[in-house]
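So the structure is just underneath, and the comments pick up after that.
The values are calculated or read from the model by the stated rules, or taken from the named source; none is laboratory data. It should be emphasised that the depicted structure is a prediction, and the values quoted were computed from it without experimental measurement. Every residue, glycine as well, gets a Cβ built from its backbone with ideal geometry; the counts of neighbours run over all protein chains shown.
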Amino acid sequence: MQQSLYTAAAGMASQQTRLDTIAQNIANTQSAGYKAARVDFKDALYQTMKSPVLADGAENNLLVGSGALVSSIATNFEQGSFIETGEMYDFAIAGEGFFAVRGRNGEVLYTRNGSFRAQPMDDGMYLVTQTGEFVLGADGDVIRLPEGGVRVAEDGTILSDGRQIGRIGLFTFTNPNGLSKEGETRYAETAASGPAQAATGAIVQGSLEQSNVSLADELTMLIRSQRAYALMSRALSTTDNMMGLANTMHG
Amino acid sequence: MVRGLYTGATGMIVQRNKMDVITNNIANVETAGYKADMLVTSTFDEVMLQRLHDPNVNFVGAQQVGPYSYGTHVEEMFTDFSTGTLEETRRNTDLAIVGDAFFSVEAEDGRVLYTRSGNFTVNAEGYLTTQDGQYVLGQNGRIFVGSENFSVSPEGLVTGPMALEDTLALVSFEDPGVLRKVGNSLFDIYGGAAPVPPGDYTVRQGMLEGSNVSAIDEMVNMIAVYRNYEVNQRIVSMVDKSLEQAVSLGRVGG
């Protein structure tokens, strides 16, 4: 069976992954705190062909590749633009860092989406996300809000009537690209990301960070990917036709 | 006549090999730092045909008819090391080399391999690595950058608030033909050659070198290969038909 059939198929599968990622980016152009993903490729394994004129096992450089693979789906953590909402519990991060929230199973998740709200509970008001998970402070504990609103300073300090009552946590990682995506613009720490450390970013109250997806970039990439896909599918059908010719040699 | 059957078949095999190489180029048309391959073909060594049992020739020995080749075969691979298109990515960990140089990386088994694909990342320990986790090498070994917040000068000097200052170990080769692809966008040296210091080069941070595959060239090559394959197939079929005629000659009352 001919190698190029599988080579073309491997290339098409890689491009398909990129098309999926582009679709995901485009669907999230309006999601606060969303970070665009980028697919990178690498060439797959090479095998050495047999040279018909050299002795068996003699060195030759007749390599036949087996297509392309996805090498990574990396996240672009570039700053998104801010949109002013004037809401007391909307926060944006200027510079590096993630907010920490407590997930449904008690795990700590990290996000750049600072669209929070105050949730009244039996023993007072708490700062939670729009979907009701607790936002965590710099000490890793939940944040209890006082009556009558708060002001949040750049370093995350929560002030109520000029009195410091807590601090919103801001964390960063040595390798943010190693974080695992947990959906809803949230990430979880992994061995590849390294442990969470205090971040140097500044918190801006009353603003939200918009998605950093650039529609122009995504559409350009979409066209490139589509063209590459079409080219590979042409290689696939050419290989198919060649195999058809071989099959009809006698008859 | 039967010789023609095999000559046609060698043509088909060579075109099939060429198609494999072209398809690999096409599959890597979007692979950063990929270098296009080309298969060079050659004829088999020519042989002298001799005329045997010719009643008009009365001297001892056979009369030579002329040279004949048994067809074609793949000779060697040629890799085009020209620089691919540069694309701005604005990402700190993306590095592109303009000019004749390669990045050195440390493979899992400690060997040094070379690449033009500069889409690097920072691992959890703070070292600059490839996407597959091989360490990118500087003059002092592995490069510690601490975070993605570092900068690389056009000369390859890595600096940053947490980084240990180092210069990228960029190398060049007198004959890039000694490089052999090993997959994962990496090259290995074969034939015992040694890298030499690079000549003129510039490192660009926040940019990536794309594949140097030309989609149009590969498309044209693919059409040529297909038609070549087809014509060789015709030759084999024609020889087959002639043989069929020869076989049916002997049939009585057919």
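Here are A:N60, A:N28, A:N76: which of them is under 30 Å from B:E75 (Cα atoms), in contact (Cβ under 8 Å) with a residue 12 or more places away in the chain and surrounded by 15 or more Cβ atoms within 10 Å (Cβ to Cβ)? Just one listed residue meets the conditions, A:N60. Cβ-Cβ contacts under 6 Å between residues 6 or more apart (or on different chains), taken from a first residue in the range A:216-242 that is at the interface with chain B (Cβ under 10 Å from one of its Cβ atoms) to a second residue that is outside any helix (DSSP H, G or I), are listed as A:A228/B:V29; A:A228/B:E30; A:T239/A:Q2.
If you go through the range B:110-150 and keep only what is among the charged types (D, E, K, R), over 24 Å from the mean Cα position of the chain (by Cα) and more than 14 Å from chain A (Cβ to nearest Cβ), you end up with just B:R142.
Residue-by-condition table, conditions (1) surrounded by fewer than 19 Cβ atoms within 10 Å (Cβ to Cβ); (2) at negative phi:
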residue: B:G118; (1), (2): no, yes
residue: B:E125; (1), (2): yes, yes
residue: B:G133; (1), (2): yes, no
residue: B:G141; (1), (2): yes, no
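Each residue in the range B:192-231 was checked for being within 30 Å of A:A246 (Cα to Cα) and at the interface with another protein chain (Cβ under 9 Å from one of its Cβ atoms), and 9 of them qualify. Within the range B:151-177, the set of residues being modelled with pLDDT of 90 or more and either part of a strand (DSSP E or B) or under 12 Å from the mean Cα position of the chain (by Cα) (or both) comprises B:S151, B:V152, B:L157, B:V158, B:T159, B:D166, B:T167, B:L168, B:L170, B:V171, B:S172.
Residues that are within 28 Å of B:P176 (Cα to Cα), in the same structural domain as A:Q226 (by TED's automatic domain parsing), within 23 Å of the chain's Cα centre (by Cα) and not hydroxyl-bearing (S, T, Y) are absent from the range A:24-38.
Checking every residue in the range A:30-49 against the condition of being among the hydroxyl-bearing types (S, T, Y) and more than 26 Å from B:L208 (Cα to Cα) gives at least one match. Taking the criterion of being among the hydroxyl-bearing types (S, T, Y) and within 14 Å of another protein chain (Cβ to nearest Cβ), the only residue of the range A:20-45 that qualifies is A:T21. Among the residues of the range B:18-57, those identified as touching a Leu at 6+ places or on another chain (Cβ under 6 Å) and at the interface with another protein chain (Cβ under 7 Å from one of its Cβ atoms) are B:V21, B:I26, B:A32. Select from the range A:65-98 the residues that are of a type outside the set (V, I, T) and touching a Pro at 6+ places or on another chain (Cβ under 9 Å) and write down the one among them that is nearest to B:M19 (Cα to Cα). Only one residue fits best here, namely A:F77. Kindly evaluate A:G11 against the criterion of being assigned to a helix (DSSP H, G or I) and within 27 Å of the chain's Cα centre (by Cα). Yes; evaluated as a whole, the condition is true for this residue.
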